[in-house]
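As structure tokens, the structure follows; a few thoughts come after it.
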Amino acid sequence: MQKQQFSIEIKAPREKVWNTLWEDKTFRDWANNVDEGMYMEGVIKEGNQVRFSSGSGYGVTSLVEKLAVNEFVSFRHMADTQDNGEREREKEWTGGEESYSLAESGGVTTLTVDMDVPPGQEETFKVRLPKALTRVKFLAEEKK
């Protein structure tokens with residue numbers, strides 16, 4: 001897997017950015033730019049497993065490895081699934097890591113995403129992740 005990093009500055013407190021990232025409605029909105037129909041099942045709590053699934057039924061089950069609410073979360077992808085989590089599929093994402101870091105200074109939050117991207121998908125994520133982060137920025141800055 002190839003490591004990729006994406007970052008964006010958002011004129012909002014990090015708590016607002018955090019909530020934009022992980023509240024169901026706004027997660028579905030921005031994550032739709034990554035994979036159409038993307039949603040998350042489970043609770044982001046250290047040691048918990050959460051499942052990220054797309055509208056096509058493909059997804060990944062991930063372990064919340066580290067969590068500092070409003071600051072940092074890291075996921076380790078445990079299993080690739082299809083049929084809305086009913087069956088395992090190729091191990092494309094298995095073992096990869098993905099993290100979200102938020103640092104605030106002067107009312108501006110820098111959101112940084114570090115992720116392992118499977119071979120053959122590097123260019124796709126170089127296009128889709130910046131679009132998703134731009135949507136997070138829009139939602140966090142407009143959200144009152």
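Can you spot a residue in the stretch 121-132 that is surrounded by fewer than 17 Cβ atoms within 10 Å (Cβ to Cβ), modelled with pLDDT under 85 and not small (G, A, S)?
Yes, the conditions are met somewhere in the stretch 121-132.
Looking at the stretch 1-39, which of its residues are of a type in the set (K, R) and over 18 Å from E122 (Cα atoms)?
Within the stretch 1-39, K11, R14, K16, K25, R28 qualify.
Taking T109 as the residue in question, decide whether it is buried (at least 18 other Cβ atoms within 10 Å of the Cβ), of a type in the set (V, I, T) and touching a residue at least 24 places away in the same chain (Cβ under 8 Å).
yes
Okay, residues lined up against (1) closer than 19 Å to S101 by Cα; (2) among the hydroxyl-bearing types (S, T, Y); (3) touching a residue at least 24 places away in the same chain (Cβ under 8 Å):
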site	(1), (2), (3)
A12	yes, no, yes
V17	yes, no, yes
T20	yes, yes, yes
W30	yes, no, yes
E46	yes, no, no
V73	yes, no, yes
D80	no, no, no
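Only residues that are of a type outside the set (A, V, I, L, M, F, W, C) and in contact with a helix residue (DSSP H, G or I) (Cβ under 7 Å, 6 or more places away or on another chain): list them for the stretch 10-41, please.
If we filter the stretch 10-41 for residues that are of a type outside the set (A, V, I, L, M, F, W, C), which is where we start, we get 11, 13-16, 19-20, 23-26, 28-29, 32-33, 35-37, 39, 41.
Within the stretch 10-41, K11, K16, T20, T26, D29, N33, Y39 qualify.
Here is a check on your reading of the model: is E9 part of a loop (DSSP other than H, G, I, E, B), among the acidic types (D, E), surrounded by fewer than 14 Cβ atoms within 10 Å (Cβ to Cβ) and at pLDDT 90 or above? Walk me through how you get there before you give the answer.
Working: part of a loop (DSSP other than H, G, I, E, B): no; among the acidic types (D, E): yes; surrounded by fewer than 14 Cβ atoms within 10 Å (Cβ to Cβ): yes; at pLDDT 90 or above: yes.
For E9, the condition - part of a loop (DSSP other than H, G, I, E, B), among the acidic types (D, E), surrounded by fewer than 14 Cβ atoms within 10 Å (Cβ to Cβ) and at pLDDT 90 or above - is not met.
The values are calculated or read from the model by the stated rules, or taken from the named source; none is laboratory data. Everything quoted here is computed from the prediction, not taken from an experiment. Counting neighbours? That spans all protein chains shown, and the Cβs are built from the backbone with ideal geometry, glycine included.
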